[in-house]
Structure formats: C-alpha cells, structure tokens
Amino acid sequence: MRRLLVAGLALLTLSPAFADEQVLYHFSSHAAFSPGDLVLDDSGNLYGVTQLDGANGLGTVFRYSPNGQYTVLHDFGGGSDGAGPVAGLIGDSAGNLYGTTPYGGPSNQGTVFKIAPNGTETVLYAFKGGSDGAYPHSRLTRDRHGNLYGTTSAGGNTGEWGVSWGTVFRITRDGRKETIYAFQSGTDAQNPTGGVIRDAAGILYGTTMLGGATGYGAVYKITPDGHESVLASMPDVYMSNPGSELVADGAGNLYGTTPNSTGTIFKVTPEGVLSTLVAFRASHKLGQVPYSTLLIDSGGNLFGTAMNGGHHVKGDRSGCGSVFKVTPLGKMETLHLFTGKKDGCVPVGGLTADGSDNFFGTTQSGDHRERGTIFKVSQ
C-alpha cells in the first residue's frame, strides 16, 4: 500500500543549492488552483485540493501522478460532504487522505473528511457551530493511534455580540469528536486558522491570528491534560496575524510566518522567547509576504514560499513571489523567483520535498490565461 509523506512535520535532508524550476501542470481555469500544501506518497504521486472548481464549483481532491496524469478523486457538492477546501491533506500508511472544509455539512459550518484510495469520501465529522466549533481552515495532524487533531477558526466560547474565538479539537479513531480547548476572550490566543503540531510528549503547539497580550496574535501550547498557555504574543502590527502551522527543530524551537506588511519569519524558544529571524522588506528581491507553513531540514534550514515580491509583472507591482531558503542564523537566499510567465505566479501554498533534492508546490496563477500551476524546483 502507498505510504503518504506529510509535508512540514518531519526533519528533511536536502541539499542547499537549487537552480531549475519546472511547471508540471496547469490547472484548467483561474478558479482552479490549489491553496494548500501538497502531500506526496512514496510512488511519487502528489495529492492536493482545489477550492473553487470541479463539477459543482465547490472544490476537489486531486492526484497528480509522476507520468503527468491529473485525476479528480472527489468533487465536493456543498451539502453534507463539505465545500471549499483550503488546507492541505495528510495521509496514512494505507493510502487514505484526510482533510477539512470550512463550509458544508448539515449546518454549513465545515467538515472533517476522509478519502479512500479508490476516491470514496467519508465525512468523519460535521461541525454544528456554537460551542461545537465552526469553519475549520487548518490541515490536520495525526498521532500514532490514528487520532486526528485540528482547529476551528470560530465557535467554542461565545461572548458579547456573539463573538467566538475558535477551538482545538480531536477526532478519535472510533469517530468521536472532542473539544480539547476553546479559546477565550481577553489576552488568550484567539481565532486559529493554522493547524497544530504535536511533540513526542503529546503537547500541541499552534498559532492564532488574533489575541495574546497585544491582540495581534499568539503562539500557544496545550498539554495532554488540556491546559492551554500563550507562549508568545506578536508584538505589533508589522509582526502580526500568524496564520500557518509551526515547525520545530531538534531543540524544540518553533518557527512560523507572519504575512502582514511585507512579512516575517519568527522563532520562539521552548521558554517562550520570541525573535524575528527574517524581516522581509518592501524592496525585497527575495520575495515578500510568506503566508504558508515552512519546511525544516535536519540542519535547521527553513524552506518556504513568499506570495509577492521579486519580479514585477505588467500592471501589477506586487511581484510574483519566490521559493526561498533561510539558514538557522537568518541568512536568506532565493531558490526560485517567479516571473508570472510560464513558471507561475503567487505561490500561496507551502512546499513538499521528496528527499531527493526536489521541492513541489503550487501557484495561484501563471500563464496568459491566469491559471494556477503545480511546480517542481530541483537541484
């Protein structure tokens, strides 16, 4: 059976220099692009989601094979099966895929789903809103027992004016949904859009777009007994709204991105000390606005995408973005600058690596028809 490799969670071994970018696939229309990270199996197949296309215009789950074949495994219908997936997938050793949709289900509050290798979709849970949670935008995390962990961006505790701050949940292998933590008002972390990562002790770590001591977002942790604490608060508007998953190095340091202004890459130590590893500049030729989850290798180097910056295209001075590498000391280099021509433009998702010096990702647009792409960057 195919083994699926989850991007962003493992320490990878990669060579440092890259020179070649190749577009593997052009999506069929501007509405068809993959907003989440891809996932790779050990046969070289790539799996992902599209948000707005398919038979019903409500998104798909797809497979792209090494021989160039693009296959839609599931078309979302917007009813009980979900709609509009934005987060990447994860997989298990049996070849099943797991993901979330922010909409759909009987209450239209989002779903957690499973796709079998033959393409059969099963809704594992449909959110009800209110205290149950609503609108999951995150990728899932799976433990060795088969339990799934994720976040909802809303729902949980509801305060004045009906405002709610989101939840962290678990779907057990026997199908039960448990709310691990419901975020609160005040200085608590609030409104997660990224997922959680889990360490060997079962501690969960994540980010929220809002909340913390400043209101600009936070990094939090949750112990196995459900105790939540804010590890670090984003200091100001220029380093605010972290929305992606974290990655961790071997010493327990956490790394993530903030997209506001021109963006940053930050580091949080196990003691909660926050520092800026990279501050992107308005004139940054290496890219701007890192939005997605990073990859980390065994040497502590970080790899990711920036949505903007780099080459400008006619009529748009924001630039087409880049693939980059950052050393543990914060030195940054470009692996590829997108031109907005045949190579794509605006990489919204993160990267997936195959262990043989190849990175895979997606762009939101690219050619004269403004279609998204699947790309490969190789040494």
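As an exercise: evaluate residue 179 against (1) of a type in the set (Ser, Thr, Tyr); (2) buried (at least 18 other Cβ atoms within 10 Å of the Cβ); (3) part of a strand (DSSP E or B) and give the number of the one condition it does not meet. Exception for residue 179: condition (2). When 104, 78, 54, 84 are screened for being more than 20 Å from residue 294 (Cα to Cα), surrounded by 16 or more Cβ atoms within 10 Å (Cβ to Cβ), out of contact with any Gly (no Cβ under 7 Å at 6 or more places or on another chain) and among the small types (Gly, Ala, Ser), only 54 passes. The single condition among (1) farther than 25 Å from residue 336 by Cα; (2) at pLDDT 90 or above that residue 65 does not meet is (1).
Conditions (1) in contact (Cβ under 8 Å) with a residue 24 or more places away in the chain; (2) closer than 25 Å to residue 28 by Cβ; (3) in a loop (DSSP other than H, G, I, E, B), marked per residue:
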{"position": "71", "(1), (2), (3)": "no, yes, no"}
{"position": "78", "(1), (2), (3)": "yes, yes, yes"}
{"position": "99", "(1), (2), (3)": "yes, yes, no"}
{"position": "105", "(1), (2), (3)": "yes, no, yes"}
{"position": "146", "(1), (2), (3)": "yes, no, yes"}
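Of all the residues in segment 250-272, those that are assigned to a loop (DSSP other than H, G, I, E, B) and touching a residue at least 60 places away in the same chain (Cβ under 8 Å) number 1. Within segment 322-379, restricting attention to residues that are in contact (Cβ under 8 Å) with a residue 60 or more places away in the chain, among the small types (Gly, Ala, Ser) and crowded, with 20+ Cβ neighbours inside 10 Å, the residue that is nearest to residue 91 (Cα to Cα) is 353.
Scanning segment 244-265 for residues being under 12 Å from residue 216 (Cβ atoms), buried (at least 23 other Cβ atoms within 10 Å of the Cβ) and not β-branched (Val, Ile, Thr) gives a total of 0. Kindly indicate whether any position in segment 161-173 is part of a loop (DSSP other than H, G, I, E, B), charged (D, E, K, R) and crowded, with 18+ Cβ neighbours inside 10 Å. There is no residue in segment 161-173 that is part of a loop (DSSP other than H, G, I, E, B), charged (D, E, K, R) and crowded, with 18+ Cβ neighbours inside 10 Å.
The values are calculated or read from the model by the stated rules, or taken from the named source; none is laboratory data. Just so it is clear, the model here is predicted, and its values are computed rather than measured. Using ideal geometry, Cβ is built from the backbone for each residue, glycine included, and neighbour counts are taken over all protein chains shown.
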